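A short reminder: the numbers here are calculations on the coordinates, not readings from a lab. Note that the coordinates shown come from a computational prediction; the quantities given were computed from them, not determined experimentally. In this analysis, Cβ positions are derived from the backbone assuming ideal geometry, glycine residues included, and neighbour counts consider all displayed protein chains.
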Amino acid sequence: MTMLQTSAPAPTGTVRGPRPARRGAVIATAVGVLLVAAPLVLGAYPVSMMTRMLAFAVLVLSVDLLTGVTGMPTLGQAAYFGVGAYTAALVGVHVTSDGAVQAAAALAAGLVAAAATGWVAVRARGIVFLMLTLAIGESVHQLADTWSAVGGSNGLAGMPPISVFGAALPAAGFVYWWVLAVAALVFAAVALVARSPYGRTLRGIRDNEARMRALGYRPALARFGVYCLAGAVAGVGGALWAAQARFVSPGDLGFEVAALALLSVVIGGSGSLWGPCLGAALVLLVRDSLSAYVGGHGALVLGVVFVAVVFLMPRGLAGLARSRRKEVRS
Amino acid sequence: MTDLLAVSGLRAGYAGTTVLDGVDLTVPAGAVVALLGRNGVGKTTFVHTVMGMLRPYSGSIRLDGRELAGAAAHAVARAGVAIVPQGRRVFAPLTVEENLRIAAGRRRRGPWTVDRVYELMPRLAERRANRGDQLSGGEQQMLAIGRALLRNPRLLLLDEPSDGLAPAVVGQIAEVLERLRGDGISALLVEQDLRLAFRLADEVAVMRKGRIAHRGPTAEFRSDRDRARALLGVG
C-alpha cells in the first residue's frame, strides 16, 4: 500500500473514474429495489416506521441543503416541517384527501413561511444564525401549542386517510409507496440543485463568502434563495409525516425534532445529501425502536453514537464511503 | 494615455485606525503599475479598499470615470475589477474546474473562457479534477489568476502573486503574467519581489505610511539605487 502511494504523481483527471460511478449506480439501484420491495416482506409496524423515516429524511435533506451545502447550520427547519404537516392535515380535514394536493399545499406553505422569516435570519452568520433559527423554531412551536384553531397542545386529529389520484390507499404499504415516491422525487430535485451552477454558488458561499462577492456574486440573495427552497422541502417532508401519522401535534415541530435533524446531518456526513438521509433513518431507529430495549434511554444511546461519530468518523457515514474510494484509487 | 483607475485622497482603515492616509494613485489604461513598499504600509488595505471589501472613510475611486468609492464588492466586481488575492484563497473543497466555473458564472462579456484559461495555463487543465487544496502553491496561484481572468476584468488587482512561492515557481507565474501584459491587460501589481515587479511593471509607485511616496517609470526607479534603498529599505 505504502509503495503504491509513493508511486505518485497520481494520474490526474481520473478522480471520478468510471468504476466508482458505476458502483454508486449499482448501490443506488439495489437500495431503491429494497426500499420498493420492503412492504412485500415486512409487517405493518416496520413499514409505518420506514414511512416515518422517509418523511423525516426529507426534513433532514433540507437541513443538509442549508448546513452541509451552504454552510448555514440551522435549528429552524423543524418549524417549516411543522408548517407543512399542519397545512397538509388542515387540507386533509377540510378540503381534500388527495395526497398530491396536500403535499403541494405544504410545499407552498413551507416556502412562504421560510420567506417570511428567513429574510431576517439569513443576514446573520454562524452562531447568530443558529440562534435566530432556534428562535424561529421555538416561536412556531409556541404558536402551534397555543393556537386553538389548529388544536393547540392537543394537536390536530381527524385527518382522513390520503388518496392518490382519486384512489384510496387501502393499506400501510400503499402510503409507504406514496411517501417513498415523493421523497425520491424531492431527493432527486435537491441533488440536481446541488449539482447545478446554483449549487456551486452555494458551496462557494460556504467556503468563502467574501471571495464570492469579489467574483461579482451577491451571497445574500443566494442565501435567501436556498433558505426558501429548504423551507419548501421541509414543508413537503411535513406533509409526508402527516400522511403517515394522520395526526399532527406541536411535538412534531419542537426543538427535539430540530436537534435530531441536525444530529442526523452530522452522523450522516454533512453536504453529501444521501449520508444525512441514512443518518435520519439511524436516528429515528434508535429513538423509536431501540429505545424500548434500553429502558427508554434512546436519547442516551444517540448521545453515545454522536460522540463516537465525531471522534471516529468526522465526515460521518458518507465520509466512510469516500475514504474507501480513496484507498481504491491510490 | 487615459487613466483607467484614478484614486485620489483615499483614506481608510480598521475600527478607528487610519491605514491609508490620503492615497493618490492612477493606473493608465493598458499599463501595469507596481505598488511597492515595506510590510504594513497599507498595500493590501489599499487593494481591498479599491475592491470594495473595505469601506473608505473618504476619497474617490474612479474606474474609467465611474465613482466606486463606497460601493459593495459585488458591484465593484461587476464594474470590471477583479482581484487575485494574497494567499490565493482558492475554494479548497472544490475542484479546479468548479473553481473556474464559479468565476465564469458571473462573467462580463469578453474574450476569457474556461477553455482559454486552460490554454494559457495547461497545468490547470491537467489538474482540472483535483480539489483546490490538492494543488501546489504555484498551481493555486495559477488558479487564482485564471479565476480573476474569467471575470473578463478591465482592471486586474494582483496582491503579491509571488507570496510564499519558490523562485522557480515565481518564474512560471511571471511568464503567465508577462503574456497577459503582452495582451494589453491593465493591472495593479502589489509586490515584495522587486525582480518580478521590475520585470512586469511599466511604472512603479512606492507606498509609505499610508501614502504614495514616489511614482515614476520602472527604468528610472531601477537606475537610482540610493532612492530605492531609502524608500524600501532594501539594496
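Spin-label point model (7 Å from Cα, Cβ direction): what's the residue A:146 to residue A:313 distance in nm? Calculated label separation equals 4.3 nm. Each label point was placed 7 Å from the Cα along the Cα-to-Cβ direction; for residue B:8 and residue A:94 their separation is 6.6 nm. Per residue, the convex hull spanned by the alpha carbons of the stretch A:43-252 comes to 109 Å³. A simple rule links phi to the HN-Hα coupling: the Karplus curve 6.51 cos²θ - 1.76 cosθ + 1.60 with θ = phi - 60°, which for the stretch A:246-254 gives 6, 7, 10, 10, x, x, 6, 10, x Hz, with x for Gly and Pro.
Can you compute log10 of I(q)/I(0) for the stretch B:109-235 with the Debye formula, treating each Cα as one identical point scatterer, at q = 0.22 Å⁻¹? Values returned for q = 0.22 Å⁻¹ are -1.34. For the stretch B:1-83, the convex hull drawn through the C-alpha positions has a volume of 89 cubic angstrom per residue.
For the residues B:16, B:146, B:137, a GNM of chain B with alpha-carbon springs under 10 Å puts the largest fluctuation on B:16.
Throw me the Rg/Rh for chain B, computed over C-alpha atoms with Kirkwood Rh, two decimals.
Result for chain B is an Rg/Rh of 0.95.
With bins 20 Å wide beginning at 0, the percent of Cα pairs of the protein assembly as shown falling in each bin runs 19, 42, 28, 10, 1.
Here r is the Cβ-Cβ distance between residue B:183 and residue B:66 and R0 is 30 Å; the resulting FRET efficiency, rounded to 0.05, is 0.80.
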